[in-house]
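Here the structure comes first, spelled out in structure tokens, and everything after it is commentary.
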Amino acid sequence: MAAEHLESAAFRSVRVLRRVEDALLVLLVGSMVLLAAGQILLRNAFDIGWIWVDPLLRALVLWVGLFGALVASREDRHISIDVLSRLLPGPLRAGARSATSLFTAAVSAVIAYHAARFVVSDYGTGATAFARIPVWVVESILPFAFGIISLRYLALFALHLGAAMRGKPG
């Protein structure tokens, strides 16, 4: 009974995290659309604009791209070249997918590590991106997103490896 309760709590937590991710992605894209449309309207109709909107939109493009990558990693839908794995029988396909997932996790972890070093370096400079927002705040999505992607692909590695060991297709 306790195991069932723990499992259902874990599934609820994952479902809540998925909704939060989706909501943040929608909020970011919606903000980009509204800010860009407002800036275009102000420039064309009144020959004015907000000086901070263009750098904010550039930052939002980075955040939207990385939140999109988070959603893609959640669904195991990242771009991949899997011509060879399509030709492999089930257990070998699962083994190939586990190796690919482990490689993706490792590369993402290395990127997360160096991105964190980059953010810490910029934290020390005190530089601002726009409207008194520090550069490191804008960049903080980099180690966060790549760290989560790395963890997700580690989980996928374990899942695919388990399938390969059981002789199931991955």
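The values are calculated or read from the model by the stated rules, or taken from the named source; none is laboratory data. A quick note: this is a predicted structure, and the numbers were derived from the prediction, not measured. Quick reminder, even Gly has a Cβ in these numbers, built from the backbone with ideal geometry, and neighbours come from all protein chains shown. In case anyone asks, the SASA skips ligands and DNA or RNA and just uses the protein heavy atoms, side chains included. Shrake-Rupley method; radii C 1.70, N 1.55, O 1.52, S 1.80 Å.
Taking Cβ atoms as reference points and 15 Å as the exclusive limit, the residues near Val29 contribute a net charge of -1, counting Lys and Arg as +1 and Asp and Glu as -1. Computing semi-axes √(5λ) of the Cα gyration tensor in Å for the structure here picks out one of (1) 25, 22, 17; (2) 38, 18, 18; (3) 63, 30, 10, namely (2).
If you keep only loop residues by DSSP, which chymotrypsin sites (Phe, Trp or Tyr not before Pro) in region 27-72 have at most 16 other Cβ atoms within 10 Å of their Cβ? Sites meeting the loop and neighbour criteria: Trp50, Trp52. Per residue, the average separation of C-alpha pairs within less than 8 Å and at least 6 apart gives the chain a relative contact order of 27 percent. The Leu159 and Tyr123 beta-carbon pair, evaluated with R₀ = 41 Å, returns a calculated FRET efficiency of approximately 0.70. Would you please state which residues of region 128-155 a label at Leu88 would reach in this model, taking the label point 7 Å out along Cα→Cβ and a backbone N cut-off of under 18 Å? Under cut-off, by backbone N: 153-155. Accessible surface of the chain, 1.4 Å probe: 71 percent of it comes from carbon and sulfur atoms. Here the spin labels are modelled as points 7 Å beyond Cα on the Cα-Cβ line, and at Ser8 and Arg132 they lie 4.9 nm apart. Relative to the current alpha-carbon distance between Arg43 and Arg19, full extension at 0.36 nm per residue lengthens the span by 5.1 nm.
Relative to the dominant Cα principal axis of the chain, helix 141-165 is inclined by about 10°. Annotation for region 78-170: trypsin sites (Lys or Arg not before Pro) lying in DSSP loop with at most 12 further Cβ atoms inside 10 Å of their Cβ are Arg132, Arg166.
Ordering Gly167, Pro55, Ala45 by the projection of their Cα atoms onto the charge dipole of region 23-170, which places +1 on the Cβ of Lys and Arg and -1 on the Cβ of Asp and Glu, puts Gly167 at the extreme positive end. Protection proxy ranking of 137-146, 107-116, by the mean of other Cβ atoms within 10 Å over each peptide's residues and highest first, is 137-146, 107-116. Considering only Ser108, Ala10, Ser31, and ranking their Cα positions along the charge dipole of region 1-120 that arises from unit charges at the beta-carbon of Lys, Arg, Asp and Glu, the one farthest toward the positive end is Ser108.
Which angle from 0 to 90°, rounded to the nearest 10, does the C-alpha axis of helix 2-46 make with the longest principal axis of the chain? For helix 2-46, the angle is close to 30 degrees.
How big is the dipole moment of region 15-170 about its Cα centre under a simple scheme where the beta carbon of each Lys and Arg is +1, that of each Asp and Glu is -1, and everything else is neutral? Debye, nearest 20, please.
660
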